[in-house]
Amino acid sequence: MGFNPLKEKGIPIEKQLLSWSELNVRPYDKNKVHPYTRTRIIFMNGIEVEVAMFGHQFHRHTDDMELKRKLALTRRVEQQQQKAINWLIPANESGLEVTIGYEQVAVDLTAFLAQTEPDPYVKAALDFALLEDFDHLYRYSNLLTITNGKMPDEITGPYTEITVGRPTVLEHRHPFDEIRKHYDAKKADPLTKLHVHTIIAAEQQTMNFYMNIGNRPGQMLGRGLYLEIAQIEEQHVTHYGSLADPRATWFEMLLEHELNECWLYWSLMQEEPDSYVKGIWERHLGMELEHLKIAGELLKKHEKKDPAEFVPSSLPDPLSFHSNVDYVRKIMEEQTDYNAHETNFVPADKMPEGSRYFMYQDVFNAGGTPSEMVIEERIRQKGSDYRQELSGPHPLEKFRTTPSKGKKKARRQEESRV
Ligand SMILES: [Fe+2]
Ligand SMILES: [Fe+2]
Ligand SMILES: [Fe+2]
Ligand SMILES: [Fe+2]
C-alpha cells in the first residue's frame with residue numbers, strides 16, 4: 001500500500017507551535033555524526049527556508065486578510081521547524097566545515113535526483129550542475145586543509161569523492177546562458193516536479209549561506225573563494241529556478257511546496273539512523289500532512305480545484321542520501337567539457353564562435369581566480385593538492401596529476417578561434 005499524503009492523519013495546526021525549550025535542540029557531536037545525517041540536516045534546513053520565504057512572498061501578493069492570517073500561522077510553524085533543524089549544527093563546527101557538508105549535499109543529492117529523474121532535459125540539467133558542485137567540494141576541501149589542517153574526509157566520510165570536477169574557473173557564464181526551458185505542469189511527471197522544487201531549495205540555501213558567511217574567513221584567499229563560488233550558486237539557482245513551470249498559480253505552488261515537504265520528511269525518516277534526528281523528521285511529517293491539507297482547502301476555496309488532481313495517490317519512491325561515486329565518475333567522463341549556450345548544454349568544441357562566454361570569462365578572471373589560486377597555494381604549502389579519490393585515479397587523464405589548468409584551457413580554446 002502506498003502512502004497517500006492526503007489521506008494520512010497529521011497533527012492539528014493549533015498543536016504544532018512548540019516552546020523554546022522544545023525547539024532549542026541538542027546539537028550533534030561533529031566527530032560522531034554520520035555524514036549523511038549532517039547532509040540531511042543541511043538539506044532540510046534549506047527546504048524549510050524556501051517554504052518560509054515562499055510564504056512571505058505569497059502574503060505580500062494578496063490583499064485577502066483571512067488568507068494572510070492562514071499563511072502566517074503555517075509560516076510560523078515552518079520557521080519553528082527550520083530552527084529545530086538548523087540548531088542541530090554545533091557551534092564547534094566551523095563555517096568552512098559546514099560548507100564541506102553543503103557541497104556534499106549538492107553532489108549526492110544531485111546525483112540521486114539525476115539517476116531517478118524521468119524527464120531527459122531535467123536530468124541533463126542536473127548532470128550539468130552536478131559536475132560544478134563536485135568541483136566546489138574539491139576547492140573548499142583544499143582551502144580547509146590549509147586553513148586549519150582538518151582533513152575534509154573526516155567530514156564527508158568514505159562516501160563522496162573529492163577531486164577535480166568541471167573546473168570552477170570555467171563555470172562563469174553570461175547570465176543569459178543560465179536560463180533553461182521549463183516543464184509543463186499539466187504534463188510533467190509528479191516526480192519531476194518534486195525533484196525540481198527540491199533542487200531549487202537546496203541550491204538556494206547554498207547561495208544564501210555563502211552570501212552570508214562568505215565574508216567570515218580571515219584570509220583574502222578564503223574570502224575570494226567564497227565570493228567566486230557564491231556567484232556560481234546564483235547561476236545554479238537561476239538554472240534550476242527556470243525549470244519549474246511559472247504558470248502554476250500561487251495556490252498550486254503552495255500545495256506543491258507542502259507536498260514536497262511531506263515527501264522529503266517521509267523519505268528521510270525511513271533511512272535516518274540517529275534516533276533523535278529521526279524523531280524530528282517524524283514529528284515534522286505529522287505537521288506537513290496538516291499543512292498539505294490546509295493548502296488543499298485553500299486551493300479548493302479560492303480556485304475551485306480539487307487537490308487530489310495535484311497530489312499523487314501514492315508518494316513516489318523515497319529520496320535517499322548515499323554514495324554515488326560510480327555515477328559521478330561516469331558523468332565526469334562524458335560531460336566535464338560541457339558548456340551552456342542559451343537553453344542547451346553543448347560540448348566545449350561546439351560552442352558558437354565568438355560566444356559571449358569567452359567575453360565574460362575574461363571579465364571575471366582578469367586579475368586571478370580564487371578557485372585556481374587555492375590549489376596553487378595548497379601545492380606551494382604541501383607539495384600537492386588534496387584529493388579523496390575512492391575508486392582509483394581520476395577518470396580523466398588530464399586531471400590525474402596536476403591541478404586544473406582550466407583557465408589556460410579556456411584561453412587556448414578562445415585563441416584557436418581567432
Ligand atoms: Fe515545513
Ligand atoms: Fe556548489
Ligand atoms: Fe550549486
Ligand atoms: Fe509545511
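The values are calculated or read from the model by the stated rules, or taken from the named source; none is laboratory data. What you see is a predicted model, and the numbers here were worked out from it, not measured in a lab. Note: ideal-geometry Cβ built from the backbone for every residue, glycine included; neighbour counts use all protein chains shown.
Kindly indicate whether any position in region 395-404 is farther than 13 Å from residue 167 by Cβ, of a type in the set (Val, Ile, Thr), modelled with pLDDT under 90 and not in a helix (DSSP H, G or I).
Looking for residues that are farther than 13 Å from residue 167 by Cβ, of a type in the set (Val, Ile, Thr), modelled with pLDDT under 90 and not in a helix (DSSP H, G or I), one finds at least one in region 395-404, hence yes.
Test residue 302 against the stated conditions and say whether it is more than 16 Å from ligand 1 (Cβ to nearest atom) and either small (Gly, Ala, Ser) or not in a helix (DSSP H, G or I) (or both).
no
From 252, 234, which residue is more than 16 Å from ligand 1 (Cβ to nearest atom), acidic (Asp, Glu), surrounded by fewer than 22 Cβ atoms within 10 Å (Cβ to Cβ) and more than 19 Å from the chain's Cα centre (by Cα)?
Unique residue meeting the criteria: 252.
Condition check: away from ligand 4 (no atom under 16 Å from the Cβ) and touching a Phe, Trp or Tyr at 6+ places or on another chain (Cβ under 9 Å). Does residue 244 satisfy that?
Answer is yes for this residue.
Given (1) within 15 Å of ligand 2 (Cβ to nearest atom); (2) outside any loop (DSSP other than H, G, I, E, B); (3) closer than 30 Å to residue 279 by Cα, identify the lone condition not met by residue 112.
Every condition holds for residue 112 apart from (1).
Only one residue in 210, 159 is in contact with a Phe, Trp or Tyr (Cβ under 8 Å, 6 or more places away or on another chain), surrounded by fewer than 24 Cβ atoms within 10 Å (Cβ to Cβ) and within 26 Å of residue 36 (Cα to Cα), so which one is that?
159
Within region 325-334, count every residue that is closer than 21 Å to residue 180 by Cβ and either under 20 Å from the mean Cα position of the chain (by Cα) or of a type in the set (Lys, Arg) (or both).
So the count comes out to 1.
Can we say residue 364 is closer than 30 Å to residue 3 by Cβ and not basic (Lys, Arg)?
Numbers: closer than 30 Å to residue 3 by Cβ: no; not basic (Lys, Arg): yes.
No.
Looking at region 264-320, which of the residues that are basic (Lys, Arg) and touching a residue at least 24 places away in the same chain (Cβ under 8 Å) is nearest to ligand 2 (Cβ to nearest atom)?
283
If you go through region 20-31 one residue at a time, do you hit one that is of a type in the set (Val, Ile, Thr), at pLDDT 95 or above and more than 15 Å from ligand 1 (Cβ to nearest atom)?
Yes: region 20-31 contains one or more residues that are of a type in the set (Val, Ile, Thr), at pLDDT 95 or above and more than 15 Å from ligand 1 (Cβ to nearest atom).
For the structure I just gave you, tell me whether residue 182 is surrounded by 23 or more Cβ atoms within 10 Å (Cβ to Cβ) and under 19 Å from the mean Cα position of the chain (by Cα).
No; evaluated as a whole, the condition is false for this residue.
Specify the residue that is nearest to residue 148 (Cα to Cα); the eligible residues are those in region 85-123 that are within 16 Å of ligand 1 (Cβ to nearest atom) and buried (at least 21 other Cβ atoms within 10 Å of the Cβ).
88
Quick check, is residue 257 within 22 Å of residue 39 (Cα to Cα), under 19 Å from the mean Cα position of the chain (by Cα), within 14 Å of ligand 1 (Cβ to nearest atom) and part of a helix (DSSP H, G or I)?
yes
Tell me which residues, restricted to region 332-372, are buried (at least 19 other Cβ atoms within 10 Å of the Cβ) and under 18 Å from residue 164 (Cα atoms).
332, 336, 338, 339, 369, 370, 371, 372 - these are the residues of region 332-372 that are buried (at least 19 other Cβ atoms within 10 Å of the Cβ) and under 18 Å from residue 164 (Cα atoms).
Examine region 336-355 for a residue that is in a helix (DSSP H, G or I) and at pLDDT 95 or above, and state whether such a residue exists.
Scanning region 336-355, I find no residue that is in a helix (DSSP H, G or I) and at pLDDT 95 or above, so the answer is no.
Of the numbered conditions (1) surrounded by fewer than 17 Cβ atoms within 10 Å (Cβ to Cβ); (2) more than 13 Å from ligand 4 (Cβ to nearest atom); (3) at pLDDT 95 or above, residue 46 satisfies every one except a single condition; which is it?
Failing condition for residue 46: (1).
Name the residues in region 10-41 that are within 12 Å of residue 277 (Cα to Cα) and in contact with an Asp or Glu (Cβ under 6 Å, 6 or more places away or on another chain), would you?
Correct list: 37 only.
Given the conditions (1) surrounded by fewer than 21 Cβ atoms within 10 Å (Cβ to Cβ); (2) in contact with a Ser or Thr (Cβ under 9 Å, 6 or more places away or on another chain), which single one is not true for residue 171?
Of (1) surrounded by fewer than 21 Cβ atoms within 10 Å (Cβ to Cβ); (2) in contact with a Ser or Thr (Cβ under 9 Å, 6 or more places away or on another chain), only one is false for residue 171: (1).
Among the residues in region 138-150, are any under 30 Å from residue 373 (Cβ atoms), more than 16 Å from ligand 2 (Cβ to nearest atom), outside any helix (DSSP H, G or I) and touching a residue at least 12 places away in the same chain (Cβ under 8 Å)?
Applying the first criterion (under 30 Å from residue 373 (Cβ atoms)) to region 138-150 yields 138-150.
Imposing the further condition that a residue be more than 16 Å from ligand 2 (Cβ to nearest atom) reduces the set to 145-150.
With the extra rule that they be outside any helix (DSSP H, G or I), the set shrinks to 148-150.
The next check asks that each one be touching a residue at least 12 places away in the same chain (Cβ under 8 Å); those that pass are 148, 150.
Yes: one or more hits.
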